[in-house]
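The next block holds one structure in the form of structure tokens; read it before the comments.
The values are calculated or read from the model by the stated rules, or taken from the named source; none is laboratory data. All values derive from a computational prediction rather than experimental measurement. Virtual Cβ from ideal backbone geometry, glycine too; neighbours counted across all protein chains shown.
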Ligand SMILES: [Zn+2]
């Protein structure tokens, strides 16, 4: 790597005199590759501070356009950028903040198909996503690739930060084995968020990423910081690695990326449709209600009326699976060790993602 130029020495002078950073730490920052998932509320402050700090290469993954309603908190974007891709707007701003930083943009949604390919080229992942499927996707990809995942999330006046690094501590699934039922989780669009909240949490994510790169301090591995903006309170929870974690545990069952929309029960993933005889439909109804009573905190999101030859169930459980076999249909509910098998009528059809 090339030594720091005269301009860089001036630019980073406050780092160079800082104990635990200095020229060596600054060189590590210059050689670092950090990717941000989302150039939104959390990604904005994180990217700005990481660029200003001199992280050599920043990756930005976002497929969205700048919307007027973003500007209340997504401070990397300006009014003139409304309607343009967020990655373009962010790249321009970061170039102005620090022209020494290489910005690599990925104007696509992070999916199970492209996540490993994109993330494998970076040292650290900063997750600024705002939905559960992406959060589980980022977590699993980071565990599979052995990368640290600097996690942050915000809602209304509260925020959370942690570093999930399965090599040295728990992962996101050790903390939240399963996503909440989709109907119970309002998004920031529905529930609101105070604009400064992602500024605080995203800045903490930038700090954790810098600590991991330079190697000073105590990283937030195995600890979850909860921030309450109304009381101005930081609390900390110790996190343990779950030996039964399906992705980083002793006997992992998730060895490749899965369908995270289905896992989180969003989109069509949670919909199980079965065209069958009335007796099979009645058995299925009984099966679902038994599962619902076993898992008291969950409930069926909706059950369409069962007609004589058609039943439609929206599975409230994440990753409910219905599988069509040659002559039988099997539905499993993970975590409940429950499995229903039904002989299919000749013309039966099961559709499930
Ligand atoms: Zn885990």
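Brief remarks follow.
For every residue, the table says whether it meets (1) away from the ligand (no atom under 16 Å from the Cβ); (2) modelled with pLDDT of 95 or more.
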| site | (1), (2) |
| --- | --- |
| 147 | no, yes |
| 153 | yes, yes |
| 163 | no, yes |
| 171 | no, yes |
| 177 | no, no |
| 181 | yes, no |
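- Residues located in region 65-106, provided they are more than 23 Å from residue 192 (Cα to Cα) and part of a loop (DSSP other than H, G, I, E, B): 84, 98, 99, 100, 101
- Flag if residue 143 is within 26 Å of residue 54 (Cα to Cα) and either in contact with a strand residue (DSSP E or B) (Cβ under 8 Å, 6 or more places away or on another chain) or part of a helix (DSSP H, G or I) (or both): no
- Residues of region 55-69 classified as under 20 Å from residue 206 (Cα atoms) and buried (at least 22 other Cβ atoms within 10 Å of the Cβ), total: 6
- Only one of the numbered conditions (1) away from the ligand (no atom under 16 Å from the Cβ); (2) surrounded by fewer than 20 Cβ atoms within 10 Å (Cβ to Cβ); (3) modelled with pLDDT under 95 is violated by residue 193, and that is (2).
- Residue that is surrounded by the fewest Cβ atoms within 10 Å (Cβ to Cβ), among those in region 87-99 that are in contact with a helix residue (DSSP H, G or I) (Cβ under 8 Å, 6 or more places away or on another chain) and under 14 Å from residue 59 (Cβ atoms): 94
- Of all residues in region 225-241, those that are within 19 Å of the chain's Cα centre (by Cα) and either within 13 Å of the ligand (Cβ to nearest atom) or in a loop (DSSP other than H, G, I, E, B) (or both) total 2.
- Look at (1) surrounded by fewer than 24 Cβ atoms within 10 Å (Cβ to Cβ); (2) assigned to a helix (DSSP H, G or I); (3) touching a helix residue (DSSP H, G or I) at 6+ places or on another chain (Cβ under 7 Å) and you find that residue 219 fails only one, number (2).
- Test for residue 95: is it over 16 Å from the mean Cα position of the chain (by Cα) and modelled with pLDDT under 95: no
- Pairs linking a residue in region 112-141 that is free of Cβ contacts under 8 Å to residues at least 60 places away in the same chain to a residue that is assigned to a helix (DSSP H, G or I), with Cβ atoms under 8 Å and 6 or more positions apart or on different chains, are 120/145; 135/172.
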